[in-house]
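Here's the structure we're looking at; comments come further down.
The values are calculated or read from the model by the stated rules, or taken from the named source; none is laboratory data. Just so it is clear, the model here is predicted, and its values are computed rather than measured. Cβ coordinates were reconstructed from backbone atoms using ideal geometry, including for glycine residues, and neighbour counts include every protein chain displayed. We work out accessible area using only protein heavy atoms, side chains counted, and drop any ligands, DNA or RNA first. Shrake-Rupley method; radii C 1.70, N 1.55, O 1.52, S 1.80 Å.
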Amino acid sequence: AQVFEDDILDPIKCVPAVGDDLRDILWALTSGNAEKFRKAIEAFLVSSASYFDTAKEDFFHGLLLGLLALGLDTFEITSNREEGDGRPDILMKPRPGVTLPGVVLELKSPKIPARASQKRVGTLLAAAAKQARKQIDEKRYAAEMEAEGVSVLKYGIGFSGKRVSLAK
């Protein structure tokens with residue numbers, strides 16, 4: 001038993017479970033600080049992802065799902081599972097006894113013309129985020145949590161390259 005403790009568990013304990021940047025992302029998301037969440041995700045993308053990786057919504061979906069997995073002890077996290085009248089991209093339901101709000105994320109990655117100005121890109125991302133946020137309400141993705149008395153934060157997110165727009 002001591003060998004297992006010394007050789008297996010102790011080295012794992014030395015590895016930080018959650019870095020400050022990742023902790024900030026989770027905190028901003030669950031506290032409702034949409035702008036801090038947006039900035040933290042963009043900073044993470046700039047420092048970690050290749051522009052070529054970020055071409056499709058699937059990349060962003062997997063990235064967010066991986067980052068949010070850090071909250072598994074606090075939330076039951078589901079991806080593309082039936083809820084309400086559709087399938088939200090990511091749903092975070094607080095575990096019993098947790099007083100944090102639930103979170104619903106709907107993602108959109110709009111097609112951006114090759115020579116679009118930065119202003120046009122921003123406009124397209126904002127429109128995609130608003131469309132995603134509207135879908136959360138129209139498809140009643142938060143209905144079950146709300147019926148259980150859980151407050152729910154709802155985020156529509158538009159992604160392109162390393163740029164992010166949010167609608168709350």
Which of the numbered conditions does Pro96 fail, given that it passes all the others? Conditions: (1) modelled with pLDDT under 95; (2) closer than 22 Å to Leu64 by Cα; (3) not charged (D, E, K, R).
(2)
So in the stretch 43-60, with the set limited to residues that are surrounded by 14 or more Cβ atoms within 10 Å (Cβ to Cβ) and either β-branched (Val, Ile, Thr) or touching a strand residue (DSSP E or B) at 6+ places or on another chain (Cβ under 6 Å) (or both), which one is modelled with the lowest pLDDT?
Thr54
Filter result for Pro88 (in a loop (DSSP other than H, G, I, E, B) and open to solvent by 50 Å² or more (accessible area, probe 1.4 Å)):
no
Keeping to the stretch 71-83, report how many residues are touching a residue at least 24 places away in the same chain (Cβ under 8 Å) and either out of contact with any helix residue (DSSP H, G or I) (no Cβ under 6 Å at 6 or more places or on another chain) or within 17 Å of Leu107 (Cα to Cα) (or both).
3
Any residue at all in the stretch 100-120 that is open to solvent by 20 Å² or more (accessible area, probe 1.4 Å), touching a Phe, Trp or Tyr at 6+ places or on another chain (Cβ under 8 Å) and assigned to a loop (DSSP other than H, G, I, E, B)?
yes
Only unsatisfied item for Phe159, checking (1) open to solvent by 30 Å² or more (accessible area, probe 1.4 Å); (2) touching a residue at least 24 places away in the same chain (Cβ under 8 Å), is (1)
Consider the stretch 141-155. How many of its residues are assigned to a helix (DSSP H, G or I) and hydrophobic (A, V, I, L, M, F, W, C)?
3
